[in-house]
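Report on the structure given below.
Values quoted throughout were computed directly from the atomic coordinates according to the rules given, and no laboratory measurement underlies them. Keep in mind that this is a model prediction, so the values were computed, not measured. In this analysis, Cβ positions are derived from the backbone assuming ideal geometry, glycine residues included, and neighbour counts consider all displayed protein chains.
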Amino acid sequence: MSEAKPSSAESSALVQGGTAPLVCALQSTARQDVSCFHFPGHNRGKAAPSSLSKLIGSRAFLHDLPELPELDDLFSPKGVILDAQRQASQLFGSSKTWFLVNGTTCGIQASVMATCSPGDYLIVPRNCHISVISALVLSGAVPKYIIPEYNSRWDIAGGMTPLQLDEAVKELEEDGKRVGAVLVTSPTYHGVCSNVEGIVSVCHPRGIPVIVDEAHGAHFRFHDSLPSTAIEQGADLAVQSTHKVLCSLTQSSMLHMAGDLVDVDKVSQCLQLLQSSSPSYLLLSSLDAARDQLSKNTNIFDEPLAIASETKDQLMRIPGISVLDLPCFASDFPAIDPLCITLSASDLQLSGYEADDILYEDHQIVSELVGTRAVTFAVNLGTRVQDIEKLVQSAKHLSEKYFFANSSKPMKENRVWAHWRRSLCI
Ligand SMILES: Cc1ncc(COP(=O)(O)O)c(C=O)c1O
C-alpha cells in the first residue's frame, strides 16, 4: 500500500532530470524582446510602482506574467505546468499532483467538495483548521467531530487515533448515515502525527476516502528519520503547504492524490471553482523551483535535523524549560516532527505569550506560533547555527532571570526545584 521514500538510485535519476520546466519557461518568455499589450498593467515591469520595485527589484515584475500560450493553463495543463506537476508527483510519490495558488486552504476545500455531497458526513478532529470549516460550508457536508487528546499542562491537542475513528464510523453506520470522507490533521501545527496507516485501514474496507491536512508535513518525504508521509501510508488525498517548511512562496501549496477512490476530474473541477482564473506564475514557478531544489539535494535535511535535535537536547537541560515530546500524550501517536520545537516556560511561571514577548523584545527571536503555555519554533533549510545558538542562550537567560525572580515566591521555587531535582537526580 505504502510508497517508499525514493532510493538513492531513484534520487540520482531525479537529479539528472532535475530541471525546473516552469522556471525555465518563465525565464525564456521574460527574455523576449516584444511589444506587450497584455495584462498585468505594469507591462513586465516597465510601469512597476517604484516603491515596491525599489524594495523587491524590477525582475520580480518582469517575471510576473499571465497565462500566455507557452506558459500553459493551470486548469487544463498540457505543457510546462503539466510537466512540472508530473515531476512533483514523481518526487512526492503520488499518482497525481496539482499546484495550488490559494494555499492548502483551497486544496482542503476542493478535497472535501470532491468527496462529500450535501448531507454526507465528514469525520474531522474538533480542532481542525478553519479551511475545513469553510469546506463544510461549501460542500454542505455535516461534521462528525472527534475530540483529540488534550494536554492541559501544555494547552496543546494531539492527533486522531484509529480507535476514535472506528467508534465514530460505527456510530454513523448504526444511525444509517453516509460518510463522505475522513479528514485528519497530520502533523498538527505542533508536529504531532496521527497513525494515518491505521486510519486508512479503518476507512478503506468501507470505501471511505481519507483526506490528510498535511499542511505542516511537506518535508516528510525527504529524510529517513522524518515521519512517513500521508501518501506513503495510503491516504487518498494529502494537501501540503509547500510554503511552510519547504521553500516555495507564501500561498503556494500542492495537493497529492493516490489510489482510485476519489474522482480525479471532480477534484480538478473543484480546484478551478475555488481558485483565481489568473494564477500567479511567481507562485507556480516557486513550487517548481522548490521541487527542483529537493530533487537536486538528496541529503538536504541532514543539517536542519541535526541542529534541531541538538537544540532540543540543550533546551531540555535548562532548568524551568520543557520541550514538547510524544510522552506528553497518553495516546500512542507514532511521531512528532523533529523540526518543530515547542517549549514551555510555565515552570518559570511564564505564559507562552510572556516568554514569546521576552524572546522577541530582549533577544530579537521571532517564533512561529505562540499559545497560553508554549511557544513553537520552526527549524528549516534556512536555519543557521548562530540562530539556534541564540535561541538556546536566550532560553538560558530566561531561566536564570525568572528562576531567581521566583525565589521570593517559596512555593513556586520549591515546585521548580523539586521538578529539576527529580529530573536531574540531584
Ligand atoms: C493545520 C493547518 N491546515 C491548513 C492550513 C492552511 O494552509 P495555507 O496557509 O497553506 O492555506 C494551515 C495554515 O496555517 C494549518 O495550520
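Return only the number of the condition from (1) within 15 Å of the ligand (Cβ to nearest atom); (2) over 22 Å from the mean Cα position of the chain (by Cα) that F99 does not satisfy.
(2)
If a residue must be within 21 Å of the chain's Cα centre (by Cα) and not charged (D, E, K, R), how many such residues does the stretch 155-186 contain?
Quick first cut of the stretch 155-186, residues within 21 Å of the chain's Cα centre (by Cα) only: 155-161, 181-186.
Still in the list and also not charged (D, E, K, R): 156-161, 181-186.
Going through the stretch 155-186 one residue at a time, the tally reaches 12.
Can you say whether C128 is touching a residue at least 60 places away in the same chain (Cβ under 8 Å), under 17 Å from P209 (Cβ atoms) and more than 23 Å from the chain's Cα centre (by Cα), as far as the supplied structure shows?
Numbers: touching a residue at least 60 places away in the same chain (Cβ under 8 Å): yes; under 17 Å from P209 (Cβ atoms): yes; more than 23 Å from the chain's Cα centre (by Cα): no.
Criteria not met by C128.
Go through the residues of the stretch 215-229 one by one and say whether even a single one is of a type in the set (D, E), under 30 Å from A20 (Cα atoms) and either surrounded by fewer than 24 Cβ atoms within 10 Å (Cβ to Cβ) or away from the ligand (no atom under 16 Å from the Cβ) (or both). Before you say what the answer is, go through the steps one by one.
Taking the stretch 215-229 as the starting set, the residues that turn out to be of a type in the set (D, E) are 224.
With the extra rule that they be under 30 Å from A20 (Cα atoms), the set shrinks to 224.
Now restrict to residues that are either surrounded by fewer than 24 Cβ atoms within 10 Å (Cβ to Cβ) or away from the ligand (no atom under 16 Å from the Cβ) (or both): 224.
Checked against the condition, which is being of a type in the set (D, E), under 30 Å from A20 (Cα atoms) and either surrounded by fewer than 24 Cβ atoms within 10 Å (Cβ to Cβ) or away from the ligand (no atom under 16 Å from the Cβ) (or both), the stretch 215-229 yields at least one hit.
Filter the stretch 262-291 down to residues that are in a loop (DSSP other than H, G, I, E, B) and either in contact with a helix residue (DSSP H, G or I) (Cβ under 6 Å, 6 or more places away or on another chain) or not acidic (D, E) (or both), then give me how many there are. Break it down into steps so the answer makes sense when it comes.
Start the filter on the stretch 262-291 by keeping residues that are in a loop (DSSP other than H, G, I, E, B), which leaves 262-263, 275-280.
With the extra rule that they be either in contact with a helix residue (DSSP H, G or I) (Cβ under 6 Å, 6 or more places away or on another chain) or not acidic (D, E) (or both), the set shrinks to 262, 275-280.
Residues flagged as in a loop (DSSP other than H, G, I, E, B) and either in contact with a helix residue (DSSP H, G or I) (Cβ under 6 Å, 6 or more places away or on another chain) or not acidic (D, E) (or both) within the stretch 262-291 amount to 7.
Here are some residues: D292, D265, D288, D260. Which one is more than 16 Å from F75 (Cβ to Cβ) and surrounded by fewer than 19 Cβ atoms within 10 Å (Cβ to Cβ)? It would help to see each step written out before you state the result.
Details: D292 fails: surrounded by fewer than 19 Cβ atoms within 10 Å (Cβ to Cβ); D265 fails: more than 16 Å from F75 (Cβ to Cβ); D288 fails: surrounded by fewer than 19 Cβ atoms within 10 Å (Cβ to Cβ).
Answer to the check: D260.
Taking the condition in contact with a helix residue (DSSP H, G or I) (Cβ under 7 Å, 6 or more places away or on another chain) and among the β-branched types (V, I, T), does T242 pass?
On the way: in contact with a helix residue (DSSP H, G or I) (Cβ under 7 Å, 6 or more places away or on another chain): yes; among the β-branched types (V, I, T): yes.
The answer is yes for T242.
If a residue has to be in a loop (DSSP other than H, G, I, E, B) and either among the hydroxyl-bearing types (S, T, Y) or loosely packed, with under 15 Cβ neighbours inside 10 Å (or both) to count, how many in the stretch 44-56 make the cut?
Restricting attention to the stretch 44-56, the residues satisfying the condition of being in a loop (DSSP other than H, G, I, E, B) are 44-49.
From the residues that got through so far, the ones that are either among the hydroxyl-bearing types (S, T, Y) or loosely packed, with under 15 Cβ neighbours inside 10 Å (or both) too are 46-47, 49.
Selection size over the stretch 44-56: 3.
So which residues in the stretch 102-120 are within 11 Å of the ligand (Cβ to nearest atom) and in a helix (DSSP H, G or I), if there are any at all?
Initial filter on the stretch 102-120 (within 11 Å of the ligand (Cβ to nearest atom)): 102-109.
Scanning the stretch 102-120 gives G103, T104, T105, C106, G107, I108, Q109.
Mind listing whichever residues of the stretch 121-153 are more than 15 Å from the ligand (Cβ to nearest atom) and within 16 Å of P187 (Cβ to Cβ)?
Selection gives E149, N151.
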